[in-house]
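Written below as structure tokens is the structure these notes are about.
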Amino acid sequence: MKLQSFSPSEQKACFFCAIIVTYLTVLAWLDFLQGPPFWDEAAFWQSSLTFSHRLLPSLSDLREYYSLNTPLPFMAFGLLEYLFNQGIAAGRLLNLTLSLGIVATIGWPSKDRGSRALLCLLGLFLCPYFLFLSGRLYTEMIACTWLLLGLVAYVRDRPWVSCLAFVLAISSRQYMLAFPMAIATYEFLAVVNEQRQGQPVDLRQHQRWLAPALACLSLLGWVALFGGLAPADAIAAKSPDVQKSTLALTPGGAINFLAFIGAYIVIPEFLLFRPQAPLQALRNNWQKWLPIAAGLFVVCLIFPPLDTPYGNMGNVADLLPFDGLVMAMYYGLALLTCLRFSKPNLLFWIIVFNALIMMKAIPWDRYVLPLAVAFWYLKSIRYPGTDTQPHAAPDTLPT
């Protein structure tokens, strides 16, 4: 089906119809936001109640709430409870509203983006955690909203607005640090490259790496407040072993995360934006791709992917009868990611820093959601590096 054959008004009608049907289905599935707490919602609600007794939180509230997550989402949920006393449903409604904002930012078929935006929105929906968490009291929607606002400001050359948004994103989830780190690195290297070529570099260009670098430093404020990466009681009782020691790392967790990207981003992108002559691309690039495949294989042998009980990928791994098949699954999906994002552009650095941070986290495919939001937004606006090749078919639905 050629979406580009639809008129702009027809594309917008498709957008509205799809969103209405999708979100009414989500609301019905979630008992119209009135259901009992699900999984982590119970713990997150208890943390939110810490901030529900006063308009502004105290230092004691900020130090003692019982969660590994930075507190901004709990402060927002607690404020809603303080103001309206509607229980967990108010926080769920906030997340649902933010989800709709993300959908409109990525998927609105504007004059410039047209049907490409609709395909990118479909790609976002193919990440199952987006709709799954849209109407639940989880912290991802608030974090992803600030992340998206940071990216929007960045691509519009508003570095200090972007800096503020990333500070708030880090205040919502610590691992949002990966995104301003990636932008700071990418922009700093761009400045260095221009200076090496003898090109003049003005203050505005320096601001493009200084602003995200300062946003990264905001995490130190939370570390100073907590005396660590999260409140001490939560670290002691709830964190995995890798987070209880400053120097501990699990490199295999990076392999898991690369595999999650392959499953939830690379494969959907291939299906929605079908490249022309993929076998020809393989023949043309095998000399570059073979060392990547060999290097990743060696890394997997030294640091095998972690056995995880969390998420959909963990469930799939449990169904496989042999450890060799589990290793092959993670290796194959991680290799897709490494080949797709092998060029040292902004997306490359975003994935590098996310993978590095995941060496200190539980290997849970839920953590790929912010990266999916970032990728599909950048692809919807045709940000450099988001197209696999210039002759991809961006306006075609698979039939």
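Tabulated values for the structure
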{"read-out": "Exposure ranking of Leu126, Leu72 by accessible area [1.4 Å probe, largest first]", "value": "Leu126, Leu72"}
{"read-out": "In sequence order, calculated HN-Hα J values of region 328-339 (Karplus, 6.51, -1.76, 1.60; Hz; x Gly/Pro)", "value": "5, 5, 5, 5, x, 5, 5, 5, 4, 5, 5, 6"}
{"read-out": "In sequence order, calculated HN-Hα J values of region 314-324 (Karplus, 6.51, -1.76, 1.60; Hz; x Gly/Pro)", "value": "x, 5, 5, 4, 5, 7, 6, x, 10, 4, x"}
{"read-out": "Accessible surface of the chain, 1.4 Å probe, proportion on carbon and sulfur as whole %", "value": "67 percent"}
{"read-out": "Rounded Å value of the spacing that divides the Cα centres of region 47-110 and region 362-377", "value": "20 Å"}
{"read-out": "Value of [θ]222 nm, deg cm²/dmol, for the chain, DSSP H segments ≥ 4, -39500 (n - 2.57) each, nearest 500", "value": "-21000 deg cm²/dmol"}
{"read-out": "FRET E, pair Ser7, Arg274, Förster distance 30 Å, beta-carbon r, rounded to 0.05", "value": "0.80"}
{"read-out": "Sparse-neighbour loop sites [chymotrypsin sites (Phe, Trp or Tyr not before Pro); region 266-338; at most 15 other C-beta within 10 Å; DSSP]", "value": "Tyr310, Phe322"}
{"read-out": "For a label point 7 Å along the Cα-to-beta-carbon line of Cys14, residues of region 363-381 with backbone N under 20 Å", "value": "376-381"}
{"read-out": "Cut-off 19 Å (backbone N to label point 7 Å along Cα→Cβ of Arg204), residues of region 157-182", "value": "157-163"}
{"read-out": "Rounded FRET efficiency, nearest 0.05, which uses the C-beta distance separating Ile292 from Ala104 and R0 of 51 Å", "value": "0.85"}
{"read-out": "Max mean-square fluctuation residue, GNM over the chain, Cα-Cα springs under 10 Å, options Glu194, Glu140, Glu81", "value": "Glu194"}
{"read-out": "Extension gain (nm, one decimal) between Asp233 and Ala42, 0.36 nm per residue minus Cα-Cα", "value": "67.0 nm"}
{"read-out": "Count of Lys pairs (Cα-Cα under 18 Å; at least 8 positions apart or interchain) in the chain", "value": "8"}
{"read-out": "Positive minus negative residues near Ala248 (Lys, Arg vs Asp, Glu; Cβ under 15 Å)", "value": "+1"}
{"read-out": "Accessible area per residue, Å², region 249-359 with all protein chains present, probe 1.4 Å", "value": "50 Å²"}
{"read-out": "Tensor-based shape of region 249-359 (alpha-carbon gyration tensor, a/c under 1.5 rounded, otherwise prolate or oblate)", "value": "prolate"}
{"read-out": "Between region 226-296 and region 129-184, the Cα center-to-center distance that results, in Å", "value": "19 Å"}
{"read-out": "Added length on full extension, which subtracts the Cα-Cα distance from 0.36 nm per residue, Trp160 to Asp307", "value": "48.8 nm"}
{"read-out": "In order through region 63-80: 3J(HN,Hα) via Karplus (6.51 cos²θ - 1.76 cosθ + 1.60), integer Hz, x for Gly, Pro", "value": "8, 10, 4, 9, 7, 7, 8, 4, x, 4, x, 5, 4, 5, 5, x, 5, 4"}
{"read-out": "Extension gain (nm, one decimal) between Arg63 and Trp29, 0.36 nm per residue minus Cα-Cα", "value": "8.7 nm"}
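The values are calculated or read from the model by the stated rules, or taken from the named source; none is laboratory data. Not measured: the values here are computed from a predicted model. Virtual Cβ from ideal backbone geometry, glycine too; neighbours counted across all protein chains shown. Just the protein is used for accessible areas: all its heavy atoms, side chains included, with ligands, DNA and RNA removed. Shrake-Rupley method; radii C 1.70, N 1.55, O 1.52, S 1.80 Å.
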